[in-house]
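Asks: Have a look at this one.
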Amino acid sequence: MTQSDLSHEINRRRTFAIISHPDAGKTTITEKLLLYGGAIHEAGSVTAREGSSHTKSDWMSMEQQRGISITSSALSFEFDGHHVNLLDTPGHQDFSEDTYRTLTAADSALMVLDAARGVQAQTEKLFAVCRNRGIPILTFVNKMDRPAQDPFELLEQVEKSLAIRAVPLTWPIGDGPDFRGVYDLEGKRVLLFERVVRGRTRAPVSVASVDDPALTELVGAEQHAKLRQDVELIEGAIEPFDPEAFLAGEVTPVFFGSAITNFGVEHFLSRFVKLAPCPAPLHTTKGELSPEAPFTGFVFKLQANMSKHHRDRTAFLRIASGRFERGMEVVHTRTGRELRLSRAHTLFAQDRESIDVAYPGDIVGLVNPGVFRIGDVVSVSKDVHLEGFPRFTPEHFNAVTPRDVSKRKAFRKGLEQLAEEGVVQIFYPTDGARDPIIGAVGQLQFEVFEHRMNEEYGVDLIMSSTNYKVVRWLAGEPDNLARFAKHVEDDAGRPVMLFTSSWDLDYTAKQHPELEFLPQPRDL
Ligand code: GDP
């Protein structure tokens, strides 16, 4: 393997995640992308919601029962000479922590909007995370086969609520029952939509320009006139797409389509692989690490018991630089320990394939013998550490205890492992007498926790809500904390206080100016 082979592999990698509000069509688009990428052969093998078969990325029984995806998995496929890695992020708003973390492993994001609903609450939240990371964002306006909002209004909404310039690369011709296809503004051709056969599209038709009389025949006189008007407006009022501004996160290219009928997905994919960036340098405490440097990877997600057939723990590693080889010797830089990466899997949800090599941008699952934490680095050099890894401050707090006291050992193990994955955060009362308190970003995380404790560790829980609403870590090591009833410790033994309201927090802060309260532990 020469350095130029490595560059070639890096340059053809595209690692991205889809962000959207639940129901906008993320699962459907994922399925269609996999279909075009040849990773699956039949539409319907991914989507759980509509019936018999279930999503490759939905592997837990609870997800199947609820029809939502809870965990993130990485799916990969080849398209047009590119190697695409799609990080599947859960769409439900209660699983945001996991989603946020997954975005740290992506080089770009696809924002999927429902054409009738436009920008929704969850889209805004996820968008903010991408913005924070500075990754480029593409937009796909889905469900054009249903009555949609005016496309100009949709663009304006994106610009106003997300503060990013939106430049259309395709333009819809009609919507709902009158949806005729899209006009490719770059290639000046019409991609015709045919409703009859589900999931099939007719070949694109090239036209010389939007004034081409052939268009009238293709889409009808009324639609043609409307399209001509729209294109004139776009060309006059919207500045042309600037790839540099896109890579800088200032502009989002917008595509229109209908994922359920496959329409617009292949065209999107063919533009995506050309526009989206290859793996970016890693931000480390010592500056940027180029993907061309010797091997380094970081753990962005942990998960226990991924399937009933493999009861083990998996650490998801994103390769940041160099070539990964199974069995290679690396340093686990947080502990300084040497490790041999001998059991690596790429994860295509339930099906695991053991892999031998991987390149920057790729995700490999490593069986985790308990050594990995989120944000950990493995590298051929000893001294690589991430510059910071987002963690989220819980807003919901429940007390938990096993229903059957003889299950205490399994209870502890489950509690610790699931906390390590980030399903919940644990807070231990310092007097040792009371039950631990678990904290989550959203309520549904508690249900996931309860379900998994039961399924995977055989522990039935008694869970009771508490009055706490706010958590703060304490700076330094203040004495005499025992006088506070709400004083607890996190799983690393750091002093923490729980409050019933932000008023309670402010009051305590005023009464005790000697204490400094932090929304996150300082030494993550
Ligand atoms: P997710 O929650 O974002 O993953 O959304 P899904 O992909 O599960 O889609 C939500 C619902 O919208 C499902 O019933 C889909 O069949 C439907 N859907 C997805 N894409 C389209 C589309 O392009 N047109 C129409 N009419 N329905 C769609």
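Asks: Among the candidates Lys301, Lys226, Lys286, which residue alone is at negative phi and in the same structural domain as Val167 (by the TED database)? Step through it out loud before you land on a result.
Replies: On the way: Lys301 fails: in the same structural domain as Val167 (by the TED database); Lys286 fails: in the same structural domain as Val167 (by the TED database).
Exactly one residue qualifies, and that residue is Lys226.
Asks: Turning to a different aspect of this structure: Go through the range 134-157 and give me each residue that's of a type in the set (Asp, Glu) and more than 12 Å from Gly257 (Cβ to Cβ).
Replies: The initial filter retains those residues of the range 134-157 that are of a type in the set (Asp, Glu), namely 145, 150, 153, 156.
Passing the criteria: Asp150, Glu153, Glu156.
Asks: Residue check: is Val197 at pLDDT 95 or above and within 16 Å of the ligand (Cβ to nearest atom)?
Replies: So Val197 does not fit the description; no.
Asks: Output the qualifying pairs, or none if there are none: Cβ atoms under 7 angstrom, residues six or more apart or on different chains, first residue in the range 259-272 and of a type in the set (Phe, Trp, Tyr), second residue within 9 Å of the ligand (Cβ to nearest atom) and at pLDDT 90 or above.
Replies: Partner pairs satisfying both residue conditions: Phe263/Gly257; Phe268/Gly257.
Asks: In addition: Can you pull out the residues in the range 476-517 that are at pLDDT below 90 and of a type outside the set (D, E, K, R)?
Replies: Selection gives Gly476, Pro478, Asn480, Leu481, Ala482, Phe484, Ala485, His487, Ala492, Gly493.
Asks: In the range 111-162, which residue that is out of contact with any Phe, Trp or Tyr (no Cβ under 8 Å at 6 or more places or on another chain) and of a type in the set (S, T, N, Q) is farthest from the ligand (Cβ to nearest atom)?
Replies: Filtering the range 111-162 for residues that are out of contact with any Phe, Trp or Tyr (no Cβ under 8 Å at 6 or more places or on another chain) and of a type in the set (S, T, N, Q), the one farthest from the ligand (Cβ to nearest atom) comes out as Asn132.
Asks: Only residues in the range 5-25 that are over 16 Å from Thr99 (Cα atoms) count as the first member; pair them with residues that are within 16 Å of the ligand (Cβ to nearest atom) and at pLDDT below 95, Cβ under 6 angstrom, at least 6 apart or cross-chain, and list the lot.
Replies: Gly25/Ala259
Asks: Sticking with this one: If I ask for residues that are more than 12 Å from the ligand (Cβ to nearest atom) and under 30 Å from the mean Cα position of the chain (by Cα), which ones from the range 173-182 would you list? Give the derivation first.
Replies: Residues of the range 173-182 that are more than 12 Å from the ligand (Cβ to nearest atom), as a first pass: 173-174, 178, 180-182.
Selection gives Gly181, Val182.
Asks: Moving to a separate point now. Considering only the range 219-338, give the helices (runs of 4 or more DSSP H) lying wholly within it that have at least 3 residues that are under 21 Å from the mean Cα position of the chain (by Cα). Walk me through it before giving the result.
Replies: Values: elements: 221-237, 243-247, 265-275.
In the range 219-338, the matching helices (runs of 4 or more DSSP H) lie at 265-275.
Asks: The conditions are (1) part of a strand (DSSP E or B); (2) surrounded by fewer than 20 Cβ atoms within 10 Å (Cβ to Cβ), and Phe427 fails exactly one of them. Which is it?
Replies: With respect to (1) part of a strand (DSSP E or B); (2) surrounded by fewer than 20 Cβ atoms within 10 Å (Cβ to Cβ), Phe427 is out only on (2).
Asks: Of the numbered conditions (1) away from the ligand (no atom under 16 Å from the Cβ); (2) modelled with pLDDT of 85 or more, Ile18 satisfies every one except a single condition; which is it?
Replies: (1)
Asks: State which residue is nearest to Asn85 (Cα to Cα) when the search covers only the range 235-248 and only residues that are surrounded by 15 or more Cβ atoms within 10 Å (Cβ to Cβ) and modelled with pLDDT of 95 or more. Quick ask: steps written out before the conclusion?
Replies: Kept after step one, since they are surrounded by 15 or more Cβ atoms within 10 Å (Cβ to Cβ), are these residues of the range 235-248: 238, 241, 245-247.
Remaining after also requiring modelled with pLDDT of 95 or more: 241, 245-247.
On the way: Phe241: 25, Ala245: 23, Phe246: 20, Leu247: 18 Å.
Taking the candidates together, the pick is Leu247.
Asks: Hey, among the residues in the range 90-111 that are over 20 Å from Gly297 (Cα atoms) and of a type in the set (S, T, N, Q), which one's modelled with the lowest pLDDT? Break it down into steps so the answer makes sense when it comes.
Replies: Restricting attention to the range 90-111, the residues satisfying the condition of being over 20 Å from Gly297 (Cα atoms) are 90-97, 109-111.
If we keep only those that are of a type in the set (S, T, N, Q) as well, we get 93, 96.
Numbers: Gln93: 53, Ser96: 56.
Of everything passing the filter in the range 90-111, Gln93 is modelled with the lowest pLDDT.
Asks: Still on this structure, I have one more. Quick check on my filter: what residues within the range 130-162 are crowded, with 21+ Cβ neighbours inside 10 Å and either without any contact (Cβ under 8 Å) to a residue 40 or more places away in the chain or not assigned by the TED database to the domain that holds Ala259 (or both)?
Replies: Hit for the range 130-162 is Ala148, nothing else.
Asks: Please enumerate the residues belonging to the range 475-494 that are more than 19 Å from Ile426 (Cα to Cα) and either outside the structural domain of Thr430 (by the TED database) or not polar (S, T, N, Q) (or both).
Replies: Gly476, Glu477, Pro478, Asp479, Arg483
Asks: Still on this structure: Mind checking whether some residue in the range 38-56 is at pLDDT 70 or above and away from the ligand (no atom under 13 Å from the Cβ)?
Replies: Among the residues of the range 38-56, at least one is at pLDDT 70 or above and away from the ligand (no atom under 13 Å from the Cβ), which makes the answer yes.
The values are calculated or read from the model by the stated rules, or taken from the named source; none is laboratory data. Source: prediction; values computed, not measured. Note: ideal-geometry Cβ built from the backbone for every residue, glycine included; neighbour counts use all protein chains shown.
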